[in-house]
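One structure is given below, encoded as C-alpha cells.
What follows draws every value from the coordinates through simple rules; no lab data is involved. Since the structure is predicted, the reported quantities are computational estimates derived from the model, not experimental observations. Every residue, glycine among them, receives a Cβ derived from its backbone with ideal geometry; neighbour counts consider all protein chains shown.
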C-alpha cells in the first residue's frame with residue numbers, strides 16, 4: 001500500500017509542477033487580495049480615532065490591532081477553501097482521458113489511490129495560505145502599506161494549534177471536493193456544485209467580516225462554521241486575544257476536529273463506489 005500511495009503522490013506532484021501557471025496563480029491571487037482588497041477596505045477608518053472609536057473597533061475585531069491584521073488571518077482560511085475547490089478537477093480530467101479507468105484496473109488498494117491524491121491536494125491547499133500570511137507580515141516593511149501586526153508571542157503550543165487548525169481545514173474541504181470529482185458526472189456539474197457551496201461557506205464565516213456586524217441568525221451560523229472555528233484558533237494565538245472569545249482555542253480545535261471527521265467520512269462514503277473495480 002505504501003508503494004502505491006507514494007506512486008500516486010508522485011504522479012500528482014508531476015502534474016502540478018508541469019503547469020507552472022498553477023504555482024504562480026496560487027501565489028499571485030492571495031497577494032492581490034492582500035494588496036488591493038485588504039489595503040482599500042479598512043473598516044477601522046470608518047470610525048473616529050480616539051478612546052471610544054478605538055475601543056469599538058477593537059471589540060468588533062475581537063482584539064485584532066487593525067482590520068488588515070484581522071483580514072489577513074481570515075485570508076488564510078479563504079485561500080485554503082479556494083484552493084481546495086479544485087481538488088476534484090484532476091479526477092474529472094483523468095476520467096475524460098480514460099486514465100481513471102486504467103488506474104482502477106490496477107490492483108492498487110483504493111485507500112492508496114484516494115489517500116495519495118488527498119494528501120497532495122490538501123498540501124496544495126495549505127501552503128499558499130501560509131505564503132499569504134508571510135506576505136501579510138512582510139507588508140509591514142513596505143512604505144505606504146499596512147501589514148499584519150501579531151501582538152502576541154507565539155509559543156510551541158500556539159504554533160501547533162495554528163498548524164493543526166490549518167491542516168484540519170485543508171483536509172476536510174479537500175476530501176469533500178475530491179469526492180465530488182468522483183461522483184459528479186461532468187465538469188459543469190462539479191463547478192456548479194462547488195461554486196454554490198463556496199459562497200455560503202465563506203460568507204457565513206468571520207474570515208473577512210466581524211461577526212458582530214452580522215444579523216443574529218447569521219451570527220449563530222457563523223459560530224458553528226468550520227472556517228470560523230479555524231480562524232478563531234489562529235487569531236487567538238497571533239493576537240493574544242483569548243479574552244474576546246467565549247471558549248479557549250482547544251475547544252474550537254475539538255469542534256473543528258469533529259467537522260473534519262464528519263466531512264472526511266462523507267467523502268469516503270461518496271467516493272467508495274466510484275473507486276470500485278468497474
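Run the numbers for residue 17 and residue 151: contour at 0.36 nm per residue of separation, minus the present Cα-Cα distance, in nm. List each step's numbers first, then the result.
Working: separation 134, 0.36 × 134 = 48.24 nm, distance 3.68 nm.
Stretched fully, the residue 17-residue 151 segment lengthens by 44.6 nm.
The stretch between residue 189 and residue 25, if pulled fully straight at 0.36 nm per residue, gains 56.7 nm over its current Cα-Cα span. Each residue, residue 224 and residue 251, gets one label point 7 Å from its Cα in the Cβ direction; the gap between the two is 1.6 nm.
Note on region 153-256: Cα-only Rg and Dmax are 15.5, 49 Å.
Ratio of Rg to Rh for region 98-208: 1.08 [Cα atoms; Kirkwood radius as inverse mean 1/r over pairs].
Report, in cubic angstrom per residue, the convex hull volume of the C-alpha atoms of the chain.
Taking only Cα atoms, the chain has a hull volume of 142 Å³ per residue.
The GNM of the chain, with springs linking C-alpha atoms under 10 angstrom apart, assigns the highest mean-square fluctuation among 65, 248, 107 to 107. Going 7 Å from the Cα of residue 266 in the Cα-to-Cβ direction, what parts of region 166-180 have a backbone nitrogen less than 15 Å from that spot? Counting only backbone N, you get 169-180. The calculated 222 nm mean residue ellipticity attributable to helices in the chain amounts to -23500 deg cm²/dmol, summing -39500 (n - 2.57) over DSSP H runs of n ≥ 4 and dividing by all residues.
Checking a compactness column here: for region 93-148, what do you get for Rg(Cα) / (2.2 N^0.38 Å), N being the number of residues? It would help to have the intermediate numbers written out before the result.
Numbers: Rg = 19.7 Å, N = 56, 2.2 N^0.38 = 10.2 Å.
Rg over 2.2 N^0.38 Å, computed on Cα atoms: 1.94.
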